[in-house]
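Single-structure report; data block below.
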2 protein chains.
Amino acid sequence: MKALVCTGDGVRLQERPEPRAAASEVVVDVDLAGICNTDLEIAKGYMGFTGTLGHEVLGRVTEGPDGGAVPEAWRGKRVVTEINCSCLACPTCLHGGRSHCPHRTVLGILNKDGGLADRVAVPTANLHVVPDGMPDDTAVFIEPLAAALHAYDDAPARPGERVCVIGDGKLGLLMAIGLAARAGDLGRAVLVGRHREKLELAERAGLAVVLEKDFDETGFDLVIEGTGHPSGLAKALAIVRPRGTVILKSTYAGAADVDLAPIVINELKIVGSRCGDFARAIEVLNAGKIDPAALISERHPLADAEHAFERAGADGVLKVLVAPER
Amino acid sequence: MKALVCTGDGVRLQERPEPRAAASEVVVDVDLAGICNTDLEIAKGYMGFTGTLGHEVLGRVTEGPDGGAVPEAWRGKRVVTEINCSCLACPTCLHGGRSHCPHRTVLGILNKDGGLADRVAVPTANLHVVPDGMPDDTAVFIEPLAAALHAYDDAPARPGERVCVIGDGKLGLLMAIGLAARAGDLGRAVLVGRHREKLELAERAGLAVVLEKDFDETGFDLVIEGTGHPSGLAKALAIVRPRGTVILKSTYAGAADVDLAPIVINELKIVGSRCGDFARAIEVLNAGKIDPAALISERHPLADAEHAFERAGADGVLKVLVAPER
């Protein structure tokens, strides 16, 4: 089969062996896979990953463990897949920390081939059935939306708080329109970015938006950093109020050259945030509260995945989708 | 009078005009002043401060506003002084955030001459009377101990949690022996440092200690970073458990070159911590629970303050005290 592989020396479309599902896994035929900023950072060396990229995956279950039949529960199901493949048996897993399992592999990120491929093997424990009637173009956003909504779990915006989201890329926009789906927080939330046309997407979702060059507010209670760049943290530190909270969502390769003194001087709280709750993301999308499909910039066949990957890193391009041809 | 001045081009003992107390201030004759790591960082450019250094000050009130008599309440009092000189009128001050007043000056750190001098003018709102019977060598630690104890305010160690303090300098040791004063947390707390003889001070206070080269534990619930160096944060990020908390106490000049990815991947909480509650520090010291005087390495007359400042930055040297000669 074809797969988009991070070789450690670049990102190449390669012929790879068909995946084989282990005892607790199934094989999913991929219908759509999204390219995420994390994939671009992995290509730069983040996580030191080599293997098939892709952790935003929509598909259908087509094969059971060891090449056998699909288990009854999954037969014919359209699914999305959580990315952390955890042991489910260690103390961390048993106490609710599955996404932090020290023995985990992570789809397309850590010791586990991902879904920018014709097929991918995933644990059934990771699967979520996509509701009938939800378009593929919406369902492929379940993974990134789950992560985006999770930004608010460790520092929920309280009524009256001033909230700022920095970054109008894929992640920033998803966090902003995710915030827009929360009643009551809207009036005092603002999205800051560099691209007028991207900001308009959030504006349409009901958020206040402002171009970075025109932005001079400070004193925010909660700042969500989603720029994908270390400079975003410096900006966040500059606009959050003393004793305020910065949610750090961006992941990037390499060290950040950031003056951390404001964290101490202003007694800030910096909270890292990674993967989120798929069931909640499905619920939000199924209720039609937001429509992330507006973030789709381009779609390419898997045969053109190298080009798709290049495009995903181009300025002004938001979500790029890759679809295997059947 | 004599004063140890950060000129922007070095630290020099200079003749300076006598301080004059403003309307809400008094003049304090300094008996003892401590040199802090923050002072060493200020000398390297941290905060861009120029003026008289010194924010750990013990003395006696000798003059009232505008050269007048000492107000009755402060007559003959031996005092220590909080360092944030706040407006007491803005919303931040009125809502309990005096140490974050946006209009504040800070003794020996921000637009306000400090106490490494014969005399210093300070707001009466900042003064705390030292209990009779408390030795000067103990009382001079009230300011740094208040800051050290504050490390536990935003992430209190819960029973059974594993706590690690990194750094066996002045701050790390004060935080460690401060922790030792808290009943119940002791058994599972460890201090990591590089100097056997410094660690022994904490060991005598009842803490478990370990040399950094022999240290290989991870999975701490709470890590207190007090090394005074950016590398301390990297260490803290490496040993805290997923979703654990790192308290950042160190301040230093310049940017930190730190890989921040663990914050996001492990969903850590980084909490900055600065100044603390003087009344609590006085209570802890007055109860005789801990004796920070063991941290005193050297004492010098104010006339030798330049040498004292050099010594404070020397390897193996802990607290250096400066005493004006009367």
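The values are calculated or read from the model by the stated rules, or taken from the named source; none is laboratory data. All values derive from a computational prediction rather than experimental measurement. Counting neighbours? That spans all protein chains shown, and the Cβs are built from the backbone with ideal geometry, glycine included. Note: areas computed on protein heavy atoms with side chains; ligands, DNA, RNA excluded. Shrake-Rupley method; radii C 1.70, N 1.55, O 1.52, S 1.80 Å.
Remarks
- Carbon + sulfur, % of accessible area of region A:152-272 - ligands and nucleic acids excluded, 1.4 Å: 50 percent
- Distance between the 7 Å Cα→Cβ label points at B:C90 and A:L94: 5.2 nm.
- For the protein assembly as shown: accessible area per residue (Å², 1.4 Å): 39 Å²
- Cβ charges +1 (Lys, Arg) and -1 (Asp, Glu), total dipole of chain A, debye: 520 debye
- Convex hull (Cα only) mean projected area of region A:152-272, reported in nm² to one decimal: 6.9 nm²
- The protein assembly as shown, dipole about Cα centre (Lys/Arg Cβ +1, Asp/Glu Cβ -1), debye to the nearest 20: 780 debye
- Surface share of carbon and sulfur [accessible, 1.4 angstrom probe, percent] for region B:1-146: 50 percent
- Distance from the alpha carbon centroid of region B:270-321 to that of region B:222-261 works out to 22 angstrom.
- Members of A:K213/A:K235; B:K170/B:K249; A:K269/B:K249; A:K2/A:K170; A:K170/A:K249; A:K269/B:K269 lying beyond 18 Å, as alpha-carbon distances in this model show: A:K2/A:K170
- Gyration tensor (alpha-carbon) shape descriptor, region A:213-326, a/c threshold 1.5: prolate
- Residues losing 30 Å² or more accessible surface upon assembly, region B:220-255, compared with the chain by itself, 1.4 Å: B:P242, B:R243, B:L248, B:A255
- Where labels lie 7 Å past Cα in the beta-carbon direction, separation of A:S231 and B:D29 in nm: 5.7 nm
- Simple rule: put +1 on each Lys or Arg Cβ and -1 on each Asp or Glu Cβ in region A:1-152, find the dipole, and look at A:G108, A:G76, A:L13; the Cα lying farthest toward the positive end is A:G108.
- Positive contributions from Lys and Arg (+1) and negative ones from Asp and Glu (-1), summed over other residues with Cβ under 11 Å from the Cβ of B:F278, come out at -3.
- Per-copy distances of the B:A73 label point, shortest first, in nm (7 angstrom along Cα→Cβ): 6.9
- Once the partner protein chains are put back, region A:81-117 shows a loss of at least 20 square angstrom of accessible area, versus the chain by itself, at A:H100, A:R104 (probe 1.4 Å, ligands and nucleic acids excluded).
- B versus A: buried accessible surface, summed, Å² (probe 1.4 Å, to nearest 100): 2900 Å²
- Shape class for region A:13-105: oblate, because the ratio a/c of the largest to smallest gyration tensor axis (alpha-carbon atoms, square roots of eigenvalues) is 1.5 or more and b/c is at least a/b.
- Rounded to the nearest 20, the size of the Cβ-charge dipole of region A:152-272 about its Cα centre is 180 debye, with Lys and Arg at +1 and Asp and Glu at -1.
- Once the partner protein chains are put back, region B:266-280 shows a loss of at least 30 square angstrom of accessible area, versus the chain by itself, at B:E267, B:K269, B:I270, B:G272, B:R274 (probe 1.4 Å, ligands and nucleic acids excluded).
- Residue range of chain B that is longest and free of GluC sites (Glu not before Pro) which are both DSSP loop and sparsely packed (at most 15 other C-beta within 10 Å): B:1-216
- For the pair region A:185-220 and region B:44-105, the centres of their Cα atoms are 40 angstrom apart.
- Per residue, the convex hull volume that the Cα atoms of the protein assembly as shown enclose (Å³): 160 Å³
- Net length gained if the chain between B:H307 and B:K77 were fully extended (0.36 nm per residue, minus Cα distance): 79.8 nm
- Residue list for region A:282-321, given a label point 7 angstrom along the Cα-to-Cβ vector of A:E200 and an amide N cut-off under 16 Å: A:294-297, A:316-318
- Shape of chain B, Cα gyration tensor, a/c cut at 1.5: prolate
- Environment charge at A:R241 (Cβ cut-off 14 Å; Lys +1, Arg +1, Asp -1, Glu -1): +1
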